[in-house]
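One structure is given below, encoded as structure tokens.
The values are calculated or read from the model by the stated rules, or taken from the named source; none is laboratory data. From a predicted model like this one, the values you see are computed outputs, not experimental measurements. Ideal geometry is used to build each Cβ from the backbone, glycine not excepted, and the neighbour counts take in all protein chains shown. SASA here: full protein model, heavy atoms, side chains in, ligands and nucleic acids out. Shrake-Rupley method; radii C 1.70, N 1.55, O 1.52, S 1.80 Å.
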Amino acid sequence: MNHRLVRALTSVICVLAAARALVACGDMAASGATSPEADAGTDAATSGCRRADDCPDHNDLCVFDSPTATNGRCAPPVDEGRCTPDSTGSVVGTSQCYPGARCEPVPANLSALGGLCSFHAPAAPLFTSGITLPKISLSSPDGFTTLRAEDGVQLRWVPPAVPADAIMVAAVLRAPPQRAQGANRVANAGDVVWLWSSQDPGTAAQPGTVALEAGWRVGSAGQPTARFGTNVLAEGRYWWFVYAIRAGTVVATSDVLSFTVGALADGGACVLVDQCVAQMPGELPDTVACIQGQCRRRCASDLDCPGLGARCDLQTTVRTELSTPRRGGYCTR
């Protein structure tokens, strides 16, 4: 690597601080998963509910058969987690999504209603400042993208209107990027697997369309080590984002998006949900559960179950020895 590139990428890496543990610890009481799971439960109630809390089974909602009905029946969400979002991502209609889920807008080919229920937080930019930064719009891959292990990865986005001397940077991580407290820096630099800079003189890639082979492998402290040399990633879930820096300051940023390569494995054995959070990168107490002693992804629709062959099981009821798991379904293959 020549000295010019070292200086450029060193400027880039100023936002990649020393790594620190990426573990979101779950509270046992808050998670609702307090023990290994027992036998399957009984049939759900079929009438008499006015809200979801009236239904005994974790996978049921109180479904109203007409807009004017005052009494509902306990059943899994209508339309398999499809929903109609409003402008804020909230749910239009209480019998569409589980409590705590939001209605995520999706492409028309995925839902005629316009959205899919999800327990995951909406996409958001990593970096912030006292002013509104220009938004970089990411095109692909995204949360609806599942690639085969042998497929190549190409990142696409819409370049923002920034000064000509601004440096565009793209990064791919094996876990969600975490912002260092009080600074526009990435705290978990050890999770960065790929990095690209528009100031890299060794590649013909242009901002807006970059194949992985145009970037660099990244060491444990966030430093570029060698050309990536391939467009292929190992199976797993990844997160990526793009930003622009000028004189060491972030001047434009994108949301953070995820995509999946191949099939995702569940976590291992568990007693408490915080064990699942530690075993499954990118998951939070709201998105995992300890089911029959096994870590599983909690879901409100297929959107919450990335990976080849994965789907959200909204029909199977599971009971615990001490309490019912938090309302929702569980990913299966």
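Filtering 192, 169, 158 for residues that are open to solvent by 20 Å² or more (accessible area, probe 1.4 Å) and of a type outside the set (Gly, Ala, Ser) leaves a single hit, 158. Can we say residue 115 is open to solvent by less than 10 Å² (accessible area, probe 1.4 Å), modelled with pLDDT under 90 and within 21 Å of residue 306 (Cβ to Cβ)? Yes; evaluated as a whole, the condition is true for this residue. Just name the residue that is nearest to residue 145 (Cα to Cα) out of those in the stretch 247-275 that are out of contact with any Pro (no Cβ under 7 Å at 6 or more places or on another chain), among the aliphatic types (A, V, I, L, M) and assigned to a loop (DSSP other than H, G, I, E, B). Restricting to residues being out of contact with any Pro (no Cβ under 7 Å at 6 or more places or on another chain), among the aliphatic types (A, V, I, L, M) and assigned to a loop (DSSP other than H, G, I, E, B), the top hit is 263.
Yes or no: residue 237 surrounded by fewer than 21 Cβ atoms within 10 Å (Cβ to Cβ), of a type in the set (Lys, Arg), modelled with pLDDT of 90 or more and over 17 Å from residue 168 (Cα atoms)? Talk me through it step by step, then tell me what you get.
Numbers: surrounded by fewer than 21 Cβ atoms within 10 Å (Cβ to Cβ): no; of a type in the set (Lys, Arg): yes; modelled with pLDDT of 90 or more: yes; over 17 Å from residue 168 (Cα atoms): yes.
For residue 237, the condition - surrounded by fewer than 21 Cβ atoms within 10 Å (Cβ to Cβ), of a type in the set (Lys, Arg), modelled with pLDDT of 90 or more and over 17 Å from residue 168 (Cα atoms) - is not met.
Restricting attention to the stretch 194-234, report how many residues are of a type outside the set (Asp, Glu), in contact with a strand residue (DSSP E or B) (Cβ under 9 Å, 6 or more places away or on another chain) and not in a loop (DSSP other than H, G, I, E, B). Working first, answer last.
Residues of the stretch 194-234 that are of a type outside the set (Asp, Glu), as a first pass: 194-199, 201-212, 214-234.
With in contact with a strand residue (DSSP E or B) (Cβ under 9 Å, 6 or more places away or on another chain) added as a condition, the list becomes 194-199, 202-203, 205, 207-212, 214-219, 221-229, 231-234.
Right, trim to not in a loop (DSSP other than H, G, I, E, B) and you get 194-197, 209-212, 214, 216-218, 224-227.
The number of residues fulfilling the criteria is 16.
Let me confirm something: among 244, 278, which residue is open to solvent by 10 Å² or more (accessible area, probe 1.4 Å), of a type in the set (Gly, Ala, Ser) and not in a loop (DSSP other than H, G, I, E, B)?
Numbers: 244 fails: open to solvent by 10 Å² or more (accessible area, probe 1.4 Å).
The match here is 278.
When 229, 190, 215 are checked against the criterion of being on the phi > 0 side of the Ramachandran plot and not aromatic (Phe, Trp, Tyr), a single residue qualifies: 229.
Take residue 212 and tell me if it is modelled with pLDDT of 90 or more and open to solvent by less than 30 Å² (accessible area, probe 1.4 Å).
Judged against the criteria, residue 212 is a match.
Per-residue answers, yes or no, for (1) closer than 15 Å to residue 233 by Cα; (2) at pLDDT below 85:
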{"residue": "172", "(1), (2)": "yes, no"}
{"residue": "181", "(1), (2)": "no, yes"}
{"residue": "185", "(1), (2)": "no, yes"}
{"residue": "188", "(1), (2)": "no, no"}
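In the stretch 282-298, what count of residues is obtained for those that are in contact with an Asp or Glu (Cβ under 8 Å, 6 or more places away or on another chain) and open to solvent by 50 Å² or more (accessible area, probe 1.4 Å)? Show your work before the answer.
Filtering the stretch 282-298 down to residues in contact with an Asp or Glu (Cβ under 8 Å, 6 or more places away or on another chain) leaves 285, 287, 290-298.
Okay, now just the ones that are also open to solvent by 50 Å² or more (accessible area, probe 1.4 Å), so 292, 294, 296.
Residues that pass the stated criteria total 3.
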